[in-house]
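Student: Have a look at this one.
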Amino acid sequence: MAKTSPIAEVVLHPVRLRIVQQLGGRQLTTSELRSALPDVTQATLYRHVAALIDAEIVTVVDERRVRGTVERTLALGDRMAHVGHDDLVAMSDAELRNAFVTFLGALGESFDKFIGDDDRSLRDYLGFGTTPLYVTTDDLAEIQSRLADILAPYRTDTGGDRVRITLTTAVIPVPPGAASEKGQGTAEK
């Protein structure tokens, strides 16, 4: 049995986070993953894939011989790659800040790839914004559960004319009395 690692420690490494993002909702061979992450050396990529497999975040769904070597097909494993509430609460301020900056860096990289593409029709799928909500922890849990139910049918590539998008959420509490609480709006599509 593989040893278990706290998901936050495993997933919040920049290269591992990028691997998880590439695998979200689909299966990729190791060579397809190398093509998707050309700036990551093969040795580094394989080392991080091994760590994700060991933590049961990524799983090998197929293996086949290709030119004298074994090529693996990878997918997200049973643990998925969600850093849970308990993981976040257990982090120090510095670890939490580092995790958020890693998250923002991966988000920025995705946006840069989008901007760098010549297909301007992809802008039909773009939207971003911020909306203040007033919730209790129970309300937030219900919102997250309902969102998971709504999004479930769209998490797997079923082919056809569907375009892969990344839906990103960040829930950031506003401290009581914070001046920035007023005037937050949305720039959604």
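Student: Name the residue from F100, T69, T137 whose Cα lies farthest towards the positive end of the charge dipole of the chain, charges +1 on Cβ of Lys and Arg and -1 on Cβ of Asp and Glu.
Tutor: T69
Student: For V60 and T41, compute 0.36 nm times the residue count separating them, minus their Cα-Cα distance, and round to one decimal in nm.
Tutor: 4.8 nm
Student: Ignoring ligands, DNA and RNA, what percent of the 1.4 Å accessible area of the chain is carbon and sulfur? Don't skip to the end; give the middle numbers.
Tutor: Numbers: 7300 of 13530 Å².
Answer for the chain is 54 percent, counting heavy atoms of protein chains only.
Student: Looking at P38, V15, F111, which one has the Cα that reaches farthest to the positive end of the dipole of the stretch 12-114 (charges on Cβ: Lys, Arg +1; Asp, Glu -1)?
Tutor: Of the candidates, P38 comes out farthest on the positive side.
Student: Loop-only check: which trypsin sites (Lys or Arg not before Pro) in the stretch 54-154 are DSSP coil with at most 14 other Cβ within 10 angstrom?
Tutor: R67
Student: Running a GNM on the chain with Cα contacts under 10 Å, which residue among V40, V89, V58 ends up with the highest mean-square fluctuation?
Tutor: Highest fluctuation of the listed residues: V89.
Student: On to the next question. Of V60, V171, V11, which has the largest mean-square fluctuation in a 10 Å C-alpha GNM of the chain?
Tutor: In this elastic network of the chain, the residue with the biggest mean-square fluctuation among V60, V171, V11 is V171.
Student: Using a Gaussian network model of the chain whose springs link C-alpha atoms within less than 10 Å, name the residue from F128, F103, F111 with the highest mean-square fluctuation.
Tutor: So, out of F128, F103, F111, the one fluctuating most is F128.
Student: Here's a follow-up. Only one of the values [x] 15.2, 42; [y] 18.5, 64; [z] 29.5, 88 was calculated from this structure for Rg and Dmax of the Cα atoms in Å; name its label.
Tutor: It is the one labelled [y].
Student: Would the stretch 63-147 count as rounded, prolate or oblate if I go by the C-alpha gyration tensor, calling it rounded below 1.5 in a/c and otherwise prolate when a/b exceeds b/c, oblate otherwise?
Tutor: oblate
Student: Given Cβ point charges of +1 (Lys, Arg) and -1 (Asp, Glu) and nothing else, what value in debye, to the nearest 20, does the dipole of the stretch 100-144 about its Cα centre take?
Tutor: Details: 3 positive and 9 negative charges, 30 e Å.
Its charge dipole is roughly 140 debye.
Student: Another one. Would you mind counting up the charge near A50? Only other residues with Cβ under 11 Å from its Cβ, with Lys and Arg at +1 and Asp and Glu at -1.
Tutor: My count for the surroundings of A50 gives +2.
Student: I'd like the per residue volume of the convex hull spanned by the Cα atoms of the stretch 22-86, given in cubic angstrom.
Tutor: So the per-residue Cα hull volume is 100 Å³.
Student: With a probe of 1.4 Å, find how much accessible area the chain has per residue, and write the answer as a whole number in Å².
Tutor: Dividing the accessible area of the chain by its residue count gives 72 Å².
Student: Here's a follow-up. Once a ≥ b ≥ c are taken as the square roots of the eigenvalues of the Cα gyration tensor of the stretch 113-169, is the result rounded (a/c under 1.5), prolate (a/b larger than b/c) or oblate (a/b not larger than b/c)?
Tutor: Oblate.
The values are calculated or read from the model by the stated rules, or taken from the named source; none is laboratory data. Keep in mind that this is a model prediction, so the values were computed, not measured. Neighbour counts run over all protein chains shown; Cβ positions are idealised from the backbone, glycine included. All accessible areas refer to the heavy atoms of the entire protein, side chains included, with ligands and DNA or RNA removed. Shrake-Rupley method; radii C 1.70, N 1.55, O 1.52, S 1.80 Å.
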